[in-house]
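One structure below.
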Amino acid sequence: MPTMRLPIRSLALLLAVALPLSAQKPATLHISLDKEVAGREPKQFLPMVGSWVIAKEGARKVLFIDGRAWKRGQPAGGLADKARAIYGARNEEFIESIKAFAYFPIAVAKGVDDFRDGDISVRFQMLGGSLDRCAGILFNVKPNGDYLTVRFNGTEDNVVLWTFNNGTRKFVKRGTENVPLELGTWHTLRISVHGTQLQGFLDDRLLLEHTLTEPVSGKVGVWSKTDSMVEFSDFTVTR
Amino acid sequence: MKRALIALVMAATPAFAQRGMCRVDSSAAWAKRQRSMYSELGAAPTDSALRRSLLRAAGLTDLHPIAFELGVHVAGDAGAPSASDSSMVAQLVKLASTRGSTWPTRSVVGSYGTHSIWRLAQRDTAVGRAVLKRMMEAGPDESAAVDVATLEDRMRLAWGRKQLYGTQFLRSPEGRLSLAPMEDSAHADLRRGEAGLPPFRLSLCLSKLASGR
């Protein structure tokens, strides 16, 4: 049987060319909800605060934050186990912070341990909420429960960057213009992170630019607020 | 006559009631929620004087239960603010625009007091915006969600946007009612359930009844 023998020098050259190319190719993680069970908690996301369930929207499965079940100060069921699952021994610190932020439902995406650079996008459809109608991207989630979010709020029609540090929520920057969105229509929220540079897009329109105080590093997911009823799908991370 | 009919239906007694083909079930979850929102059992409003003034200005008495909100409001039917309203409306506008002021929430003026504010806001869209913002900020324990929902619908139409809960109707010159423009009617009952409003089909049924259809 004939075999092809490459000279060692040629092989080394091939690897030298191939490796940087493959390193430059962006890796994309798209979270599919196809195998999830409607009416149950998601398996691809860990709900930490709020009532997150898989819902059917036509033939598709979507992640639904059901604000009807929202009560002040109530984290999601089994928070301790979930916190332990993602932050091990530091879970108690995480839980304390999360309880301080119980107005803000969050679900952490599985499979993204440390997002530092790239894009995160999610599609969302607002269905209701008396107090808020919020859909947000959660990122920079730290073991102590601190995090950042870029969110759209349908009661204010704007995109805003918020920080959550040591139990305190702080407004950072509002999008350049208000964009009224109709309920029951799908839209895309996207953030792009390069070093400390952050950009926020709504339906591919650049609305927010900000220089962060330090580079991003942490877990990611989806975010909402109080009694919002919002469906999410196509959560995608590109690095 | 049609206005009187709506008023009659709106004031349906807290028992099973049927008007034509429209079944108003006061034992339904939405009715229980409304009773709970408007209940003053165990409440001790901290500003009784303001509460009295609000009730007087809104023409409300706490001797009777607040009528069920059935989600059929017709543009123009609330009427213009009367002279007796104006001082209270001015007071509310001042309160709403003063940073750090104590807004008269349920703890301050009771459920009847906050419902009186809602009634005044129905008659004056200028104060409606400020009232809506304060009511939303106060949250469901301090403002009846059903009041917030109907006021939000009203204000959105005033701002040229579509309503969300389907509580606002337009009257044609012939007296027929039609639903004012609305977003996402497919999920209307999801929103209405959260707000303590009856099912959408009941409001539509009542609107047809009031139209004489």
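Dividing the summed -39500 (n - 2.57) terms of all DSSP H runs of n ≥ 4 by the residue count of chain B sets its mean residue ellipticity at 222 nm at -16000 deg cm²/dmol.
3J(HN,Hα) along region A:81-87: 5, 5, 4, 5, 5, 9, 10 Hz, from the Karplus curve 6.51 cos²θ - 1.76 cosθ + 1.60 with θ = phi - 60°, whole Hz, x for Gly and Pro. Farthest toward the positive end of the dipole of the protein assembly as shown, out of A:His210, A:Ile31, B:Ser53, is the Cα of B:Ser53, where the dipole comes from beta carbon charges about the Cα centre. Highest mean first, the peptides A:47-53, A:117-123 sorted by other C-beta atoms within 10 Å per residue fall in the order A:47-53, A:117-123. Each peptide among B:116-127, A:210-221, A:163-174 gets the average number of other Cβ atoms lying within 10 Å of its residues, and from highest to lowest they stand as B:116-127, A:210-221, A:163-174. The Cα trace of the protein assembly as shown gives Rg and Dmax of 26.2, 104 Å, the first to one decimal, the second as a whole number.
Charged neighbours of A:Phe152, selected by a Cβ distance under 12 Å, balance to +3 (K, R count +1; D, E count -1).
Averaging the inverse of every distinct alpha carbon separation and then flipping it gives the Kirkwood radius. What is it for region B:87-213, in angstrom units? Here the Kirkwood hydrodynamic radius works out to 15.5 Å. Peptide A:122-130 is shielded by partner chain Cβ atoms: per residue, an average of 5 of them sit within 10 Å of its Cβ.
If only the Cβ of Lys and Arg carry +1 and only the Cβ of Asp and Glu carry -1, the dipole of the protein assembly as shown around its Cα centre is close to 500 debye. Remark: accessible surface ordering of A:Tyr87, A:Tyr103 (largest first) is A:Tyr103, A:Tyr87, probe radius 1.4 Å. Amide hydrogen proximity for B:Phe169: with H placed 1.01 Å from N in the peptide plane, the residues at 5 or more positions away or on another chain lying under 5 Å are B:His73, B:Val74, B:Ala75, B:Ala180. Working note: Karplus 6.51/-1.76/1.60 with θ = phi - 60° gives region B:188-193 the couplings 4, 5, 4, 5, 5, x Hz, where Gly and Pro are set to x.
Give me the net charge for the shell around A:Val122: Cβ to Cβ below 10 angstrom, other residues only, Lys and Arg +1, Asp and Glu -1. So the surrounding residues net to +1.
The values are calculated or read from the model by the stated rules, or taken from the named source; none is laboratory data. These numbers were taken from a predicted model, which means no experiment stands behind them. Backbone-built Cβ (ideal geometry, glycine too); neighbour counts: all protein chains shown. Ligands, DNA and RNA are stripped out before the accessible areas are found, and what is left, the full protein with its side chains, is counted by its heavy atoms. Shrake-Rupley method; radii C 1.70, N 1.55, O 1.52, S 1.80 Å.
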